[in-house]
Amino acid sequence: MFDLNRPRRSVLYMPGSNQRALEKAKTLASDVLILDLEDAVSPASKTEARGLVCEAVKSRAYGKREVVIRVNGLDTDWGMDDLRAASEAGPDAILIPKTQSVAMVEEVECLMQDFGAPSSTYIWAMMETPLGILHSEAIATSTSRLTCFVMGTNDLAEDLGALQTADRAPMITSLNLCLLAARSYGMAIVDGVYNAFKDENGFRERCAQSRAMGFDGKTLIHPAQLAICNAAFGPTAEAIEKAKAQIQAFEEAAARGEGVAVLDGMIVENLHADAARRLLVKANAIHALEAAL
C-alpha cells in the first residue's frame, strides 16, 4: 500500500549510464533515488543504461531508500523497451516524462500489467508541460497506481517562455495547480530542481519556499544539495517538541471535557493536534530511514 508518510525530502536524479554513480548512490543520504534513463543519458547510451539501471534495481542494494526508474516516453525509440524492462525489475515506482493526459497514464498502467510489474510498483508522473499542468486534476484521478507528481520546472519554463526568477512568480500558478490536485487526491508531490547546485544560499531559500508552499521535497541534480534539502523538509527538534506539547495540552483539555486547549498563549484545537500527530509520524519515519542508511 502506498505510504504518503514515507520521507520524500530529497529526490536525487542519478544518470543511468554511469555505473560509478549507481554504486555511489548506495551511500548517499537521499530519501529517494531516481535512476534516470531519459534526460541524463545520451541516445548512444540508452540501451546500455537500461541494462545497468534494471540490474541495479534487481540487486535490492539501496536499503530503505525509495528507488524510481525514469523511463523515456513511449513516443520515443526507447520508451517501450524501457517500460518493459523497468516493469520486470520492479522498482518502487516508474516515472513517466511529460505526462499530459489521463490516456497516457492509463496506457502506461495497462502496459505495466502486461509486462508483469508487481502491484507494489507505482506510477509517478513528470508534470512539465503546459497541457499537463492544465490537466493535473484529471491526471491525479486517473488511477490509484499513480501516487506522485514530480515537477519538471526546467522543461515547463521553456515551454511557457517564462523566466526562472528568484521568486519563481512566473511558475507559481503551475506549481499551485499541481499542489492542489495532489493534495486533493492523496498524492505525494515533489518540486523541481535548482540548477545552480553550488549556490547554497540560493538553494536554501528555494527549499524554504517549496516547503512553505506544501511540497514534500525537491528533486536534486547533485549530492551536494542533500544536506540542505533534508534539513529544510524535515521537522526541527523544536518543532517536534512543540508538537508533543500541543498533543499533550489538547488531550488534557479533552479529558476535562474541553474542546480547546491553550499553550503558550495560543489556541490548540483538534486540527492542531492532528497536524502535530502527523508531524511526529513523519519525524519517526525520517529517523527510521536515516538509521537504516
*asked:* Out of the residues in region 1-27 meeting the condition of being farther than 16 Å from L37 by Cα and of a type in the set (K, R), tell me which one is surrounded by the fewest Cβ atoms within 10 Å (Cβ to Cβ).
replied: K24
*Condition broken by V262, with the remaining ones in (1) surrounded by 12 or more Cβ atoms within 10 Å (Cβ to Cβ); (2) at pLDDT below 95; (3) touching a strand residue (DSSP E or B) at 6+ places or on another chain (Cβ under 9 Å) satisfied*: (1)
*Evaluate region 33-56: report whether one residue or more is over 23 Å from N195 (Cα atoms), surrounded by 23 or more Cβ atoms within 10 Å (Cβ to Cβ) and of a type in the set (D, E).*
no
_Can you pull out every residue in region 49-81 that is within 28 Å of L293 (Cβ to Cβ) and in a helix (DSSP H, G or I)?_
A49, R50, G51, L52, V53, C54, E55, A56, V57, K58
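Listed here are the residues, each with its yes/no results for (1) touching a residue at least 60 places away in the same chain (Cβ under 8 Å); (2) touching a helix residue (DSSP H, G or I) at 6+ places or on another chain (Cβ under 9 Å).
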site: T143; (1), (2): no, yes
site: V150; (1), (2): yes, no
site: N154; (1), (2): no, no
site: L163; (1), (2): no, yes
site: R168; (1), (2): no, yes
site: N176; (1), (2): no, yes
site: I189; (1), (2): no, yes
site: F197; (1), (2): no, yes
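May I ask you to say which residue of S136, S184, S101 is loosely packed, with under 14 Cβ neighbours inside 10 Å, modelled with pLDDT of 95 or more and among the hydroxyl-bearing types (S, T, Y)? Quick ask: steps written out before the conclusion?
Working: S136 fails: loosely packed, with under 14 Cβ neighbours inside 10 Å; S101 fails: loosely packed, with under 14 Cβ neighbours inside 10 Å.
Just one listed residue meets the conditions, S184.
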*asked:* If I filter region 39-48 for residues that are in contact (Cβ under 8 Å) with a residue 12 or more places away in the chain, among the charged types (D, E, K, R) and in a helix (DSSP H, G or I), do I get at least one hit?
replied: yes
*Would you pick out the residues in region 267-293 that are among the β-branched types (V, I, T) and assigned to a helix (DSSP H, G or I)?*
V281, I286
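The values are calculated or read from the model by the stated rules, or taken from the named source; none is laboratory data. Just so you know, these numbers come straight off a predicted model, no measurement behind them. As a convention, Cβ positions derive from the backbone with ideal geometry for all residues, glycine included, and neighbour counts pool all protein chains shown.
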